[in-house]
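Here's the structure we're looking at; comments come further down.
The values are calculated or read from the model by the stated rules, or taken from the named source; none is laboratory data. All figures in this text were calculated on a predicted structure; none of them were measured in a lab. Neighbour counts run over all protein chains shown; Cβ positions are idealised from the backbone, glycine included. Remember, those area values only see protein heavy atoms, side chains included, never the ligands or the DNA or RNA. Shrake-Rupley method; radii C 1.70, N 1.55, O 1.52, S 1.80 Å.
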Amino acid sequence: MTSLNELNAVRKAISPYLHRTPLWHSRYLSGLLGRETWIKAELFQRTGSYKPRGMLWAMMQLAPEARARGTITFSAGNAAQGLAYAGQMLDVSSTVVMSASANPTKVAATKGYGAKVIQHGTPQEAAQFCLDYAAREGLTYISSYDDDDLMSGHASLGQEIFEDLPDVADIVLGIGGGGMAGGVAKAAIATGHKARLWGVEPEGASAMTQSLEAGHAVRLPVVSTIADGLAAPSAGELCYALVKERFEGVAVVSDANIVEAMKILMSRLKIMPEPAACAGLAAVLNGRAGAANAGPLVLVVSGGNVDLGSLKSWL
C-alpha cells in the first residue's frame with residue numbers, strides 16, 4: 001500500500017501544474033440535507049475535472065524511451081483532457097481514442113490541449129481499438145482509471161479534503177471506472193482518516209455496483225447515461241479492490257435524479273457542473289450514500305465540461 005510519505009512526494013511533484021480547488025460550505029445544501037454540507041469544487045481544476053492529478057504523476061513515472069514514443073488513453077472526455085494537459089505540461093505527445101458519440105465540447109477541448117484525437121465506434125469498441133492502436137504504433141498506454149500511479153496522483157484530492165475539513169464524516173463521489181474512488185481510498189488509508197466513503201453510479205453504467213455483487217471487476221456489454229464522465233465500460237481491477245476495502249457502499253441513481261441535482265447546483269450554488277459531477281448530490285437527495293448519517297458531509301463535484309446543446313435538452 002502506498003505510504004503517506006509517498007503520497008506527499010506525489011503531491012509535491014504535481015502541485016505546480018494544478019489548482020488547489022476550494023472546499024466550500026453551502027448553507028442551502030446544509031438546510032436541504034439536514035447536515036452541514038461542503039462541496040469540493042473540483043470542477044475548477046485544470047481542464048475542469050480531477051483527471052490531471054493522476055495523469056501528471058503517471059506520465060512522470062514513464063521511462064525516457066516511453067515518454068519519447070508518446071502516450072495514449074481511451075476516454076469519454078475528461079481523462080482525455082487530463083492526458084492531453086499533462087502531455088502539454090511535460091512535453092510528451094498524447095493520443096486519445098474516444099467513441100464516435102463523444103461529447104463534442106470535450107473533443108474540442110482535448111484537441112485544444114494538443115492531443116491527437118481518434119473517434120471510433122461505441123465506448124467498448126473504442127476501448128479495444130485504443131489498445132490495438134497503442135500496440136501497433138508503439139505508444140505507451142496509460143489507463144484512464146485502472147493504474148496505481150494514476151490513483152496515487154488522485155489521492156491528492158482526498159488529502160486536501162482531510163486537511164481542509166479534518167472532522168469530515170462522509171465523502172460522496174461519482175464512480176466511473178473507479179480512479180477517483182481509488183485515489184481517495186488511498187488517501188484515507190495512508191492518513192488513517194476514518195471518514196466514511198461512498199460511491200455513486202448511474203443506472204446505465206453501474207460497473208462497480210455489479211463488480212461488488214459479483215466479487216470481481218466486471219465489464220459491461222453496453223453503457224447508457226447522460227453522465228458520460230461516469231460511463232466507463234468496466235470497473236478497474238485495482239479500483240475495485242480499493243473500493244471493496246475502504247468504501248461503505250456504492251449507490252445507483254437515475255439520469256432523472258442527476259438532472260434534479262444539476263438544477264440545484266446551477267440555480268442555488270451558481271456553478272455549472274456536468275452530469276457526472278452531480279451524482280453525489282443526487283444520491284444523498286434520494287436517501288442513498290450515507291444520507292442517514294450525521295456529521296460534516298463533503299460532495300465531490302468534479303466535471304465542468306458541459307456540452308451546451310445537450311444541457312438545453314436535459315433542462
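Place a +1 charge on the Cβ of each Lys and Arg in region 164-248 and a -1 charge on the Cβ of each Asp and Glu, then give the dipole magnitude about the Cα centre in debye, rounded to the nearest 20. Mind dumping the intermediate values first?
On the way: 6 positive and 10 negative charges, 49 e Å.
My answer is approximately 240 debye.
The residues neighbouring residue 18, those whose beta-carbon lies less than 13 Å from its own, together hold a net charge of +4 under the Lys/Arg +1, Asp/Glu -1 convention. Across region 274-305, the residues whose backbone nitrogen lies under 20 Å from the label position 7 Å along the beta-carbon direction of residue 108 are 274-276, 303-305.
Taking the Cβ-Cβ separation of residue 128 and residue 263 as r and a Förster radius of 41 Å, what is the calculated FRET efficiency to the nearest 0.05? FRET efficiency, residue 128 to residue 263: 0.65.
Where both bridge residues fall in the chain, DSSP classifies roughly 15% of the beta bridges as antiparallel. The angle between the Cα long axis of helix 237-246 and the main principal axis of the chain comes to about 20°, on a 0 to 90 degree scale. For the chain, a crude dipole built from +1 on the beta carbon of Lys and Arg and -1 on the beta carbon of Asp and Glu, taken about the Cα centre, is about 680 debye to the nearest 20. As a check on your grasp of the helix formula, calculate [θ] at 222 nm for the chain: sum -39500 (n - 2.57) over DSSP H runs of n ≥ 4, divide by the residue count, round to the nearest 500. Calculated from helices alone, the mean residue ellipticity at 222 nm is -14000 deg cm²/dmol.
Using a 10 Å cut-off on Cβ atoms, rank the peptides 244-254, 28-38 from the highest mean neighbour count down.
Working: 244-254: 19.6, 28-38: 17.1.
Sorting 244-254, 28-38 by mean packing, highest first, produces 244-254, 28-38.
Residues with beta-carbon under 14 Å from that of residue 264, excluding residue 264: net charge, scoring Lys, Arg +1 and Asp, Glu -1? Local net charge: +3.
Below 8 Å, C-alpha to C-alpha, sequence gap of six or more: please give me the relative contact order for the chain in percent. Don't skip to the answer; put the middle values down first.
Numbers: 720 pairs, mean separation 63.4, N = 315.
That works out to 20 percent.
If you count only protein heavy atoms with a 1.4 Å probe, what accessible area per residue comes out for region 125-205, rounded to a whole Å²? Provide the component values of the computation, followed by the final result.
Details: 2390 Å² over 81 residues.
For region 125-205, the per-residue accessible area is 29 Å².
To the nearest ten degrees, helix 51-60 and the longest principal axis of the Cα atoms of the chain are 40 degrees apart. Considering only the Cα atoms of the chain, their convex hull presents on average a projected area of 14.1 nm².
If I stretch the segment between residue 135 and residue 101 completely, what's the gain in nm (0.36 nm per residue apart, minus their alpha carbon distance), one decimal?
On the way: separation 34, 0.36 × 34 = 12.24 nm, distance 2.41 nm.
Separation in residues times 0.36 nm, less the Cα-Cα distance, equals 9.8 nm.
Electrostatic bookkeeping for residue 47 treats Lys and Arg as +1 and Asp and Glu as -1; over the other residues with beta carbon under 14 Å from its beta carbon, the sum is +3. Per residue, the average separation of C-alpha pairs within less than 8 Å and at least 6 apart gives region 1-138 a relative contact order of 17 percent.
Residue ranges 143-153, 15-25, 73-83 sort as 73-83, 143-153, 15-25 when ordered by packing (mean number of other C-beta atoms within 10 Å per residue, highest first).
Over region 206-259, average the accessible area per residue using a 1.4 Å probe and give it in Å², no decimals. Kindly include the intermediate steps, with their values, before the conclusion.
Numbers: 2290 Å² over 54 residues.
Per residue, region 206-259 has 42 Å² of solvent-accessible surface.
Considering only alpha-carbon pairs that sit under 8 angstrom and 6 or more positions apart, the relative contact order computed for region 1-57 is 32 percent.
The peptide list 175-186, 95-106, 56-67, 232-243, put in order of mean Cβ contacts within 10 Å with the highest first, becomes 175-186, 232-243, 95-106, 56-67. If you fit an axis through the alpha-carbon atoms of helix 4-14 and take the longest principal axis of the Cα set of the chain, what angle between them do you get, 0 to 90°, nearest 10? With both axes taken from Cα atoms, the answer is about 60 degrees. Solvent-accessible area assigned to carbon and sulfur over the chain amounts to 51 percent, based on a 1.4 Å probe.
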